[in-house]
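Below you'll find the structure, written out as structure tokens, and then a few comments.
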Amino acid sequence: MSEVKMFTDPLPNIPWEEKPADSVGPVWRYSMNPIIDRNPLKGVARIFNSAVVPYEGKFVGVFRGEQTNGVPQLYLGYSEDAIHWTYEPHPIPFVNEEGKSYMPKSAYDPRLIKVEDTYYIIWCTDFYGAALGLAKTTDFKHFVRLENPFIPFNRNGVMFPRKVNGNFLLLSRPSDSGHTPFGDVFLSESPDLVYWGKHRHVMTRGYNQWWQSLKIGGGAAPIETSEGWLLFYHGVTGTCNGYVYSMGAAILDKDEPSKVKYRSSCFILTPEKWYEERGFVGNVVFPCAALTDSETGRIAIYYGAADSYVGLAFTTVDEIVTFVKENHVENGDDAEIGIM
Ligand code: BMA
């Protein structure tokens, strides 16, 4: 039993490996990484930056599939163990609320979040520029695409797994039309998933911490714990040889999640393995999902590696919360409610 409680369901079949003795840091990689290799299905060269949820005793994933024509689309996959996957051969067939086909021109970096009885997919879409796309399903057979939440330019939309103060919550990273040489994380609320407002600043890129000094973006859906909302996110730095994407962690206030309670000044995972350092875009670890087992405190994190593979990493809620608290430093106005 963990000391820090996760207010999530038990997941006895969560993928898991114990921490190896030589592990540094609070997060350790699965020894058989990457779990998804290149050319995973016909017409798809690479799968990475993808999301997974438990479903009917097994697992379902929404995968970023980089097609051989260079256009990313979202693919559905199924697994018994959340490690080995089989995929639908074609991109997810989205329809609008009238039932007519409503396919994104391109779709990438999906997050998959269950709120009440509905699963929401939120991804980066092409809406006259990079913006957030949103769809829902209850059965993973019918996928209804909703209104795009925001105007361009925006990426890294991450919904909370329950309403807070009666509203849906969405983290996002507003940006410019380029590859975002800036970027903080904001929070928006909606009563109906159509109208979004009450925008608040959540976290600033860490200007005192070089690994996340350029831009940051939400990763996995926040995990509700007795310490607040545990958020895994990515932080980016610019080197003379290009961007480097690392993984960070923060804990947001339970009732006012635009306030950061604790945020680790150190990364929790950074590109070190061949599949993270080398690929279509090298030096990228990009978390998009996490599975949790409330009984044991185990957490399994799914991350894209080098825009080429999917990696799996593990921690426990006690270990990561302790690490975040021990390495917390005040960061700009993170602790404030975030409106001016
Ligand atoms: C970001 C996103 C991610 C990608 C990363 C590194 O802007 O487009 O999909 O993993 O760049 O290339």
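The values are calculated or read from the model by the stated rules, or taken from the named source; none is laboratory data. What you see is a predicted model, and the numbers here were worked out from it, not measured in a lab. For neighbour counting, all protein chains shown are included, and Cβ atoms are generated from backbone atoms with ideal geometry for every residue, glycine included.
Considering only residues that are within 15 Å of the ligand (Cβ to nearest atom) and of a type in the set (Gly, Ala, Ser), which ones fall in segment 162-180? Give the steps one after another, and end with the answer.
If we filter segment 162-180 for residues that are within 15 Å of the ligand (Cβ to nearest atom), which is where we start, we get 172-180.
Matches in segment 162-180: 172, 175, 177, 178.
Suppose we filter 35, 47 for residues that are over 26 Å from residue 103 (Cα atoms), touching a residue at least 60 places away in the same chain (Cβ under 8 Å) and either in contact with a His (Cβ under 7 Å, 6 or more places away or on another chain) or of a type in the set (A, V, I, L, M) (or both); which single one remains? Steps first, answer last, please.
Numbers: 47 fails: over 26 Å from residue 103 (Cα atoms).
Checking each option against the conditions leaves just 35.
Write out, first by first residue and then by second, each pair whose Cβ atoms fall under 6 Å of each other, whose residues are 6+ apart or on separate chains, and whose first residue, in segment 304-325, is over 20 Å from residue 17 (Cα atoms) and in contact (Cβ under 8 Å) with a residue 60 or more places away in the chain while the second is within 16 Å of the ligand (Cβ to nearest atom) and among the β-branched types (Val, Ile, Thr).
Pairs that qualify, where the first residue is over 20 Å from residue 17 (Cα atoms) and in contact (Cβ under 8 Å) with a residue 60 or more places away in the chain and the partner is within 16 Å of the ligand (Cβ to nearest atom) and among the β-branched types (Val, Ile, Thr), are 306/284; 307/281; 307/284.
With the structure loaded, tell me whether residue 92 is modelled with pLDDT of 95 or more, assigned to a loop (DSSP other than H, G, I, E, B) and in contact with a Phe, Trp or Tyr (Cβ under 6 Å, 6 or more places away or on another chain) or whether it fails that test.
Details: modelled with pLDDT of 95 or more: yes; assigned to a loop (DSSP other than H, G, I, E, B): yes; in contact with a Phe, Trp or Tyr (Cβ under 6 Å, 6 or more places away or on another chain): yes.
It is true that residue 92 is modelled with pLDDT of 95 or more, assigned to a loop (DSSP other than H, G, I, E, B) and in contact with a Phe, Trp or Tyr (Cβ under 6 Å, 6 or more places away or on another chain).
Could you check how many residues of segment 292-313 are part of a strand (DSSP E or B) and within 15 Å of residue 34 (Cβ to Cβ)? Outline the logic, then answer.
From segment 292-313, those part of a strand (DSSP E or B) are 292-293, 298-305, 309-313; that's our starting set.
Cutting the leftovers down to within 15 Å of residue 34 (Cβ to Cβ) gives us 300-305, 309-313.
Residues that pass the stated criteria total 11.
Based on what the data block shows, is residue 136 at positive phi and in a strand (DSSP E or B)? Even if it seems obvious, please write down each step before you answer.
Numbers: at positive phi: no; in a strand (DSSP E or B): yes.
Considered against the rule, which asks whether it is at positive phi and in a strand (DSSP E or B), residue 136 comes out as no.
I'm told residue 183 meets every condition in (1) surrounded by 20 or more Cβ atoms within 10 Å (Cβ to Cβ); (2) on the phi > 0 side of the Ramachandran plot; (3) assigned to a strand (DSSP E or B) except one. Can you identify the failing condition by its number?
Result: residue 183 fails condition (3) only.
Only one of 254, 259 is over 16 Å from residue 51 (Cα atoms) and touching a Leu at 6+ places or on another chain (Cβ under 9 Å); which? If you could, list the steps in order and put the result at the bottom.
Numbers: 254 fails: touching a Leu at 6+ places or on another chain (Cβ under 9 Å).
Step by step, each of 254, 259 is checked, and only 259 is over 16 Å from residue 51 (Cα atoms) and touching a Leu at 6+ places or on another chain (Cβ under 9 Å).
Can you tell me which residue in segment 42-73 is nearest to the ligand (Cβ to nearest atom), limited to those that are part of a strand (DSSP E or B) and farther than 18 Å from residue 311 by Cα? Spell out the reasoning first.
Looking only at segment 42-73, we keep the residues that are part of a strand (DSSP E or B), and these are 44-55, 58-67, 72-73.
Now drop any that are not farther than 18 Å from residue 311 by Cα, which leaves 55, 58, 67, 72-73.
Details: 55: 24, 58: 27, 67: 15, 72: 8, 73: 13 Å.
Once the filter is applied, the top-ranked residue is 72.
State the number of residues belonging to segment 138-148 that are without any contact (Cβ under 8 Å) to a residue 60 or more places away in the chain and more than 14 Å from residue 193 (Cα to Cα).
Here is the first cut: in segment 138-148, the residues without any contact (Cβ under 8 Å) to a residue 60 or more places away in the chain are 138-139, 141-148.
With the extra rule that they be more than 14 Å from residue 193 (Cα to Cα), the set shrinks to 138-139, 141-143.
Of the residues in that region, 5 qualify.
Within segment 254-291, can you find the residues that are aromatic (Phe, Trp, Tyr), within 16 Å of the ligand (Cβ to nearest atom) and outside any strand (DSSP E or B)? First the steps, then the outcome.
Kept after step one, since they are aromatic (Phe, Trp, Tyr), are these residues of segment 254-291: 262, 267, 274-275, 280, 286.
Among the residues that remain, those that are also within 16 Å of the ligand (Cβ to nearest atom) are: 267, 275, 280, 286.
267, 275, 280 - these are the residues of segment 254-291 that are aromatic (Phe, Trp, Tyr), within 16 Å of the ligand (Cβ to nearest atom) and outside any strand (DSSP E or B).
State yes or no: is residue 39 on the phi > 0 side of the Ramachandran plot, within 16 Å of the ligand (Cβ to nearest atom) and not aromatic (Phe, Trp, Tyr)?
Working: on the phi > 0 side of the Ramachandran plot: yes; within 16 Å of the ligand (Cβ to nearest atom): no; not aromatic (Phe, Trp, Tyr): yes.
For residue 39, the condition - on the phi > 0 side of the Ramachandran plot, within 16 Å of the ligand (Cβ to nearest atom) and not aromatic (Phe, Trp, Tyr) - is not met.
Does segment 12-32 include one or more residues that are basic (Lys, Arg), more than 21 Å from residue 277 (Cα to Cα) and part of a loop (DSSP other than H, G, I, E, B)? Don't jump to the end; show me each part of the working.
At the first step, the residues of segment 12-32 found to be basic (Lys, Arg) are 19, 29.
Narrowing further to those that are more than 21 Å from residue 277 (Cα to Cα): 19.
Imposing the further condition that a residue be part of a loop (DSSP other than H, G, I, E, B) reduces the set to 19.
Yes, the conditions are met somewhere in segment 12-32.
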